[in-house]
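Where a number appears in this text, it was derived from the coordinates with a stated rule and is not lab data. Values in this document were obtained by computation on a predicted structure and should not be read as measured data. In this analysis, Cβ positions are derived from the backbone assuming ideal geometry, glycine residues included, and neighbour counts consider all displayed protein chains.
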């Protein structure tokens, strides 16, 4: 029987195809996730890490069958918009947008063309990311970290029972912060507490905003505002100099100098976010996935920082804290 002769090029091509078919992960199976965050700070960084760890648990491992690119806007809204446009042009399987400004930029740039999952967004409806938490109805869903403000005020009153006026530092350009400060005012007013605003449009103005409230407030409160949290140490310095306690909305700020916080573990928030992205990568549509909230909170305290601000933390508060900064 006569066998046809094959060229060496054809044999090499056939061998390459055979190897590709035998490989457990082909180029076609690799999913692409682009991640953008408005700024880098411990809470948002933990959120990103938790997301990637959960994706690995879901079977999507970076460098194997998952390609990931991360870019930070470094606190600049314009840069967030540029990153969003680039990512949309790259046509990934999912864009993860961490924090409200980056989520708004991604949604505006995508026009519904790319699945977008947001995380660490306090008020997704108010930020116009979705119209309904239960039924997003578009190519957008995610995890909201709406602050447990009632718990925050209860903790502040327990540690500072004579508090009458609370200074809230925030960036008025961050939609989630505006929403949370308005909620804080309403809840605090019902408890006889006045909230004075300390607007800080950028990280360079945070310390000045804090200083402007010295002599007018009994304590500082920092919500999960990315601008202020990125410059937290400058507020802590004002608190120490003026002997005014600094309370935070996220536990990651406590090791950095805030005296106490009831908040979410943002690594766990990231794991929750990763589950949603995994569902989308496996074929589900964002429109059918309800926006999820975070229920679990932890207490973190920093007795040494409190002492520098002239405050002694109650023993009962220290005993029930999950984390006590040494």
* Modelled FRET efficiency - R0 25 Å, residue 134 with residue 157, Cβ distances, 0.05 increments -> 0.15
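So how do 128-136, 205-213, 241-249 stack up, highest first, on mean other-Cβ count within 10 Å? Intermediate results must be reported in sequence, preceding the final value.
Numbers: 128-136: 16.2, 205-213: 20.4, 241-249: 22.3.
Taking the mean over residues of other Cβ atoms within 10 Å, the ranking is 241-249, 205-213, 128-136.
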* Structure fact -> Between residue 85 and residue 58, the two model label points (7 Å from Cα along the beta-carbon direction) sit apart by a distance in nm of 3.0
* Spin-label point model (7 Å from Cα, Cβ direction): what's the residue 204 to residue 49 distance in nm? -> 3.1
* Asked: Beyond 35 Å, what share of the Cα-Cα pairs of the chain remains, rounded to the nearest whole percent?
  -> 29
* Expressed as a rounded percentage, what relative contact order does the chain have, with Cα pairs under 8 Å and six or more residues apart? -> 19
* Take the Cβ-Cβ distance between residue 211 and residue 69 as r, set R0 to 30 Å, and report the resulting FRET efficiency rounded to the nearest 0.05. => 0.15
* Structure fact -> Tilt, helix 77-90 to longest principal axis of the chain (alpha-carbon atoms), in degrees rounded to tens, equals 20
* With a 10 Å radius around each residue's Cβ, average the other Cβ atoms per peptide and rank 29-36, 182-189, 118-125, highest first. => 118-125, 29-36, 182-189
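Under the √(5λ) rule applied to the eigenvalues of the Cα gyration tensor, what semi-axes describe the equivalent ellipsoid of the stretch 220-263? Give them in Å, descending. Numbers along the way, then the final one.
Working: eigenvalues 45, 24, 13 Å².
For the stretch 220-263, the semi-axes come out at 15, 11, 8 Å.
Taking the highest mean first, how do the peptides 290-301, 165-176, 56-67 order by number of other beta carbon atoms within 10 angstrom per residue? All intermediate terms of the calculation are to be shown ahead of the outcome.
Numbers: 290-301: 16.5, 165-176: 23.2, 56-67: 14.8.
Ranking the peptides 290-301, 165-176, 56-67 by packing returns 165-176, 290-301, 56-67.
Below 8 Å between Cα atoms, with a sequence gap of 6+, how large is the relative contact order for the stretch 194-326 in percent? Before the final figure, lay out the partial values.
On the way: 194 pairs, mean separation 27.3, N = 133.
Computed value for the stretch 194-326: 21 percent relative contact order.
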* Mind pulling the angle between the C-alpha long axis of helix 42-57 and the longest principal axis of the chain? Nearest 10 degrees, somewhere in 0 to 90. => 30
* Structure fact -> If one compares the long axis through the Cα atoms of helix 8-22 with the longest principal axis of the Cα atoms of the chain, the angle in degrees, nearest 10, works out at 40
* Cβ-based exposure ranking for 214, 178, in which fewest neighbours within 10 Å come first -> 214, 178
* How large is log10 I(q)/I(0) at q = 0.21 Å⁻¹ when the Debye formula is applied to the Cα atoms of the stretch 279-326, each weighted equally and without solvent? -> -0.75
* Of all DSSP beta bridges in the chain, antiparallel share, percent nearest 5 -> 10
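With runs of 4+ DSSP H residues as the only contributors, calculate the mean residue ellipticity of the chain at 222 nm using -39,500 (n - 2.57) per run, divided by the residue total and rounded to the nearest 500. If you can, show how the numbers build up before the last one.
On the way: 12 runs with 132 residues, N = 326.
Taking each H run of at least 4 residues, the total per residue is -12500 deg cm²/dmol.
At 20 °C and 1.002 mPa s, grab the translational diffusion coefficient of the stretch 149-220 from Stokes-Einstein with a Kirkwood Rh over Cα pairs, rounded to a whole number in µm² per second.
Details: Rh = 12.5 Å.
D, rounded to a whole number, is 171 µm²/s.
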* Quote the relative contact order of the stretch 87-227 in percent (integer), defining contacts as alpha-carbon pairs under 8 Å separated by 6+ residues. => 22
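Using the Cα atoms as the points, what is the convex hull volume per residue of the stretch 85-148 in Å³?
Working: hull volume 4.6 nm³, N = 64.
Per residue, the Cα convex hull of the stretch 85-148 comes to 72 Å³.
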